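Report on one structure; see the data block that follows.
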Amino acid sequence: MNPEYVIAFLASTAAAATPLVLASTGELVAERSGVMNLGLEGVMLVGAVAGFSATLHSGSAALGLLAALAAGMAMALVFAILVLTLQTNQVATGLALTLFGLGLSAFLGRDLVGQTVAPLPHLSIPVLSNLPFVGPLLFRFDALVYVSLLLVGVVAWVLARTRIGLLIRAVGEAPHSAHAIGMPVVKLRYATVLFGGALAGLGGAYMSLALTPMWVEGMTAGRGWIALAQVVFATWKPRGLLLGAYLFGGVTVLQFHGQGLGIAIPSEFLSMLPYLATIVVLVIICRNPQTILLNKPMSLGQSFKAD
Amino acid sequence: MSRLEARPEPSRTMMLASPLIAAAAMLVSGSLLFLFLGQEPLHAFYVYFIAPLSSAYGIGELLLKATPLILCGVGLAIGFRANVHNIGADGQLTMGAVAAGCVALYFDGVEAPVLKPIVLPLMIVAGALGGLAWAAVPALLRTRFNTSEILVSLMLVYVAYLFLGYLVHGPLRDPAGFNFPQSKMFGESALLPLLAEGLRVNAAFLLSLVAVAGAWFFCRHTFAGYRMQVSGMAPAAALYAGFSEPKNVWLAFMVSGALAGVAGVGEVAGPLGQLQPSVSPGYGFAAIIVAYVGRLHPLGVLLASLLMSLLYIGGESAQIELQLPSAITGLFQGLLLFYLLAADLFIHYRFKPRTRATTTTPIATESLQHES
């Protein structure tokens, strides 16, 4: 096999993994505080269309990413108000957010179909980026790839080693006890849900600004749901997210490189792989009920009302 | 501070009123959206919500588009009642369409008169089995391996879309179809009879009414239906009574999968008449909204399906007559569910009378904003 081909494969794996890393990291933080946002897919789509539209109209990718962050947070705010303040069912509200996001993004993006923007600029460091092998594998990505990796590290550190991380975990495991000793349960959950929304919006924008720099209706194609599955796969621990996301990135890329790698299977079947892999991985992780019981935040999905 | 207080018991009136409030709120925000898009709101409102209903053809279209929503929605509602969330109905619908399409194409060109009358019944059975088989996967994985049925059923939607795409681009493509990715048109014997001359609504609508009646009987008069309702409303009580959770999961997925499969038959043996790269504009997902708006009750689902169907055909007529974007339909669907969830707050809470609010101490009242 051609080594250049392998390098190209690995590099596009990192790009394909980045939206998943971003979205699942945000969702992991929200779930550790006890809130499951099944609307991730809708949030990502709105982030994708907001980021693309802002970049197209302003010419600045930075503004586009900011717009995606803001749009993701706005979507998450709607979810948070319903779930945290109005105590609606998290599953139903999450589904509503996804369906609303599908409609809203298609509506906002109705005049954007067919337009293109310049993809996010790639890093270019003198000498380092031009090194053989190492250059394309380490020093030639766009900034968000590095940001997403850094973010996983920071989130892991914050959750495990800081006071705010302890608060988040306490609220997720035992909200009533946390409330009883004076912790602001609902405020903290607002914060984690908004953080998750911001990152999901950013993940969506990565798809419309870097992966395929254009807007297509429903372009996330289930990435939001795969990100949700990844949190389970990582057993709610940040370090597991990277392994999962890069694995799925690789599987996703396989469909584009399938023919080049000499795999003679209709492209539709290769495109099924990320979805089938998600199911297989879920089965492997959930097969042992103890894995889930030991790691899942105790209050995940339950409404909290102080009384 | 608080203006809300808990009701002593859930309000039945609000339970029935909240879908109406949600629909009214959606109509109001719809009118505002029309204004924002530079349309005259009343005229746009008329084109969207009234004009489609003013002709017999329009009513026929309303029933035609309501059919898959009723079939999927009734099945999903049965599961949702027991806290079993099948959100992959669109995939099950697609696989039902594939199975029925294979039967139709297999019997295509068969001239024997004895075989002709059995093609349609075979297609319906095959469609139901196709949807059922697709729904059996999340049910099996949930009961056997404890995996989330939400995620698995959703993943399988994409797999089903891709499988249909493969079939119409490959083995089932019409050789005489100028390379368009679609199958041959089905023969006369593989098409559902129309209910009236000049309308497109077909016999699948009658099947959907049978499904509503059957689901109503199941929920109201069978022990399994009771068991599932207890499991949904009071899981602890269901556990104590020894009700089996796996049984609920299987039953919910079998029923909803088979009904979604039949909905797929209604599409390919009805308005489409062939297999196409997509056989549903998201009916299986809209059915989730239908199930909730219909209060998870079969008769409610019937009414909610008619409303949702109006959103689809209203969107089409607004697109043709006013050049409004077709994406408005999806936006309205999402808004409807949001408004419903918000209005449902008042099933359990009510506004405190103003006079009492000034005299009672905050401690004595249970409040939503209590902890903030």
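Inspection of segment B:206-216 finds no residue satisfying the criterion of being closer than 30 Å to A:ALA229 by Cα and surrounded by 15 or more Cβ atoms within 10 Å (Cβ to Cβ). Output the residues belonging to segment A:68-114 that are small (Gly, Ala, Ser), farther than 20 Å from A:LEU199 by Cα and either assigned to a helix (DSSP H, G or I) or at pLDDT 95 or above (or both). Of everything in segment A:68-114, those that are small (Gly, Ala, Ser), farther than 20 Å from A:LEU199 by Cα and either assigned to a helix (DSSP H, G or I) or at pLDDT 95 or above (or both) turn out to be A:ALA92, A:GLY103, A:ALA106.
Annotation for segment B:319-341: no member residue is farther than 21 Å from B:LEU33 by Cα, of a type in the set (A, V, I, L, M, F, W, C) and more than 10 Å from chain A (Cβ to nearest Cβ). Return the total of residues in segment B:161-186 being under 29 Å from the mean Cα position of the chain (by Cα) and either assigned to a helix (DSSP H, G or I) or within 10 Å of chain A (Cβ to nearest Cβ) (or both). Count: 9.
Scanning segment B:47-71 for residues that are surrounded by 13 or more Cβ atoms within 10 Å (Cβ to Cβ) and among the hydroxyl-bearing types (Ser, Thr, Tyr) turns up B:TYR48, B:TYR57, B:THR67. When A:ASN130 is tested against the conditions (1) within 10 Å of chain B (Cβ to nearest Cβ); (2) more than 20 Å from A:GLY34 (Cβ to Cβ), the lone failure is (1). Among residues of segment B:151-160 being closer than 22 Å to A:ALA96 by Cβ and more than 7 Å from chain A (Cβ to nearest Cβ), the one that is surrounded by the most Cβ atoms within 10 Å (Cβ to Cβ) is B:SER153.
Residues that are within 14 Å of another protein chain (Cβ to nearest Cβ), under 19 Å from A:LEU159 (Cα atoms), out of contact with any Gly (no Cβ under 8 Å at 6 or more places or on another chain) and not in a loop (DSSP other than H, G, I, E, B) within segment A:180-212 comprise A:VAL185, A:VAL186, A:LYS187, A:LEU188, A:TYR190, A:ALA191, listed in sequence order. The residue pairs whose first member lies in segment B:324-337 and is part of a helix (DSSP H, G or I), whose second member is among the aromatic types (Phe, Trp, Tyr), and whose beta carbons are closer than 7 Å, counting only pairs six or more residues apart or on different chains, are B:ILE328/A:PHE107; B:THR329/B:TYR312; B:LEU331/A:PHE107; B:GLY334/A:PHE100; B:LEU335/A:PHE100; B:LEU337/B:TYR292.
Identification of helices (runs of 4 or more DSSP H) wholly contained in segment A:213-307 with 1 or more residues that are crowded, with 22+ Cβ neighbours inside 10 Å, within 10 Å of chain B (Cβ to nearest Cβ) and of a type in the set (A, V, I, L, M) yields A:223-233, A:267-286.
The values are calculated or read from the model by the stated rules, or taken from the named source; none is laboratory data. Just so it is clear, the structure is predicted and the values come from calculations on it, not from any experiment. In this analysis, Cβ positions are derived from the backbone assuming ideal geometry, glycine residues included, and neighbour counts consider all displayed protein chains.
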